[in-house]
1. State which residue is nearest to Tyr247 (Cα to Cα) when the search covers only region 40-56 and only residues that are of a type in the set (S, T, N, Q) and away from the ligand (no atom under 11 Å from the Cβ).
2. Checking Val68 against (1) outside any loop (DSSP other than H, G, I, E, B); (2) away from the ligand (no atom under 16 Å from the Cβ); (3) of a type in the set (Val, Ile, Thr), which test does it fail?
3. Exactly one of (1) more than 16 Å from the ligand (Cβ to nearest atom); (2) crowded, with 21+ Cβ neighbours inside 10 Å is unmet by Asp80. Its number?
4. Do you know which of the residues in region 85-100 that are within 12 Å of Tyr113 (Cβ to Cβ) and outside any helix (DSSP H, G or I) is farthest from the ligand (Cβ to nearest atom)?
5. What is the number of the single condition among (1) within 16 Å of the ligand (Cβ to nearest atom); (2) within 18 Å of the chain's Cα centre (by Cα); (3) in a helix (DSSP H, G or I); (4) surrounded by fewer than 19 Cβ atoms within 10 Å (Cβ to Cβ) that Gly73 does not meet?
6. When you go through (1) more than 22 Å from Asn66 (Cα to Cα); (2) within 16 Å of the ligand (Cβ to nearest atom) one by one for Ala152, which number turns out not to apply?
7. Please specify each residue of region 193-220 satisfying the condition of being surrounded by 24 or more Cβ atoms within 10 Å (Cβ to Cβ) and either within 13 Å of the ligand (Cβ to nearest atom) or on the phi > 0 side of the Ramachandran plot (or both).
8. Select from region 83-110 the residues that are touching a strand residue (DSSP E or B) at 6+ places or on another chain (Cβ under 6 Å), surrounded by fewer than 23 Cβ atoms within 10 Å (Cβ to Cβ) and within 22 Å of Thr171 (Cα to Cα) and list them in ascending order.
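The values are calculated or read from the model by the stated rules, or taken from the named source; none is laboratory data. Predicted model, so just to flag it, every value in this text is computed and none were measured. Methodologically, a virtual Cβ is constructed for each residue, glycine included, from the backbone with ideal geometry; neighbour enumeration extends over all protein chains shown.
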Amino acid sequence: MQSKQLKLTHLVIFLCLFVFAFSTHGTANQKDGLLKIYFFDVGQGDAIFIEAPNGNQVLVDGGPDNAVVQKLGETMPFYDKDIDMVVLTHSDADHITGLIEVLERYDVEKIAYSNIIRRSALYNAWQEAVAEEGADIIDPVAGKIIDLGNGATLTILHPTESLIGKVLEKTNNYSVVLMLKYGESEILLTGDIEAKAERQIILSGANLDADILKVAHHGSKTSTIEEFLYEVSPQVAVIQVGAKNRYGHPTQEVLNRLENFGMKLYRTDVDGGVKVVSDGVNYLVNTVK
Ligand SMILES: [Zn+2]
């Protein structure tokens, strides 16, 4: 009798360990019907990895160096070397640098970016990597909707018109802005837009209401105006920012504005990576630290 009980206990322990191992090693390609958004801690820059409910993968920006490659390695299954879509919000170094290495290492099916003309060695390297990749190119213009499958969509809210062939050196206000939707969950990704673009987006009449806001431009005081926050009215704000960066991001002004709206704030310099999981009705936020 006693040995039978012992065996049963062993079995229960074994099953618990198995379930635990399965859940902690759950990787990006499990088609579990959940939308997952990983705001990677890549220092002073943005890199956001989206896993759609059907397993489709989207990477928005690549951060200031190749740290994103390690983050992808930790998040995706080791055998998975395909990414369905890469989005470059704009071509500043803290968004574009890591993406060049991602194009080298991964087979990317679609690339969404504004094919502008810019005098920058990094941008030239990006253009070369894009040409070599041979992916389908999506020109991001407000109104386009990208179907991620199983009811998840990415709607482009900005820029308002195609920028192909335009000569631009300052690109923050031309950042690609994306509304990610899955059921009742809405996540707004803003690149580095500043007040000017925030006003343009409000005037466009787009529905900005979202649960989660990726705060624009790392919390710079030139972004995140009150009217914009009012339109978005998020419950949660995420700032991707490096510790002790030389820009003083995030600024106290923006932190105060976020606090006045009473939202829960996550910062990658304080919390490490931030992960959001949604089943289309409810969402959960987890942090690495
Ligand atoms: Zn930036």
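1. Out of the qualifying residues, it is Asn56.
2. With (1) outside any loop (DSSP other than H, G, I, E, B); (2) away from the ligand (no atom under 16 Å from the Cβ); (3) of a type in the set (Val, Ile, Thr) applied to Val68, the lone miss is (2).
3. (2)
4. Of everything passing the filter in region 85-100, Met85 is farthest from the ligand (Cβ to nearest atom).
5. (1)
6. (2)
7. Residues of region 193-220 that are surrounded by 24 or more Cβ atoms within 10 Å (Cβ to Cβ), as a first pass: 193, 197-198, 212-219.
Of everything in region 193-220, those that are surrounded by 24 or more Cβ atoms within 10 Å (Cβ to Cβ) and either within 13 Å of the ligand (Cβ to nearest atom) or on the phi > 0 side of the Ramachandran plot (or both) turn out to be Ile193, Lys214, Val215, Ala216, His217, His218, Gly219.
8. Hits for region 83-110 are Met85, Lys110.
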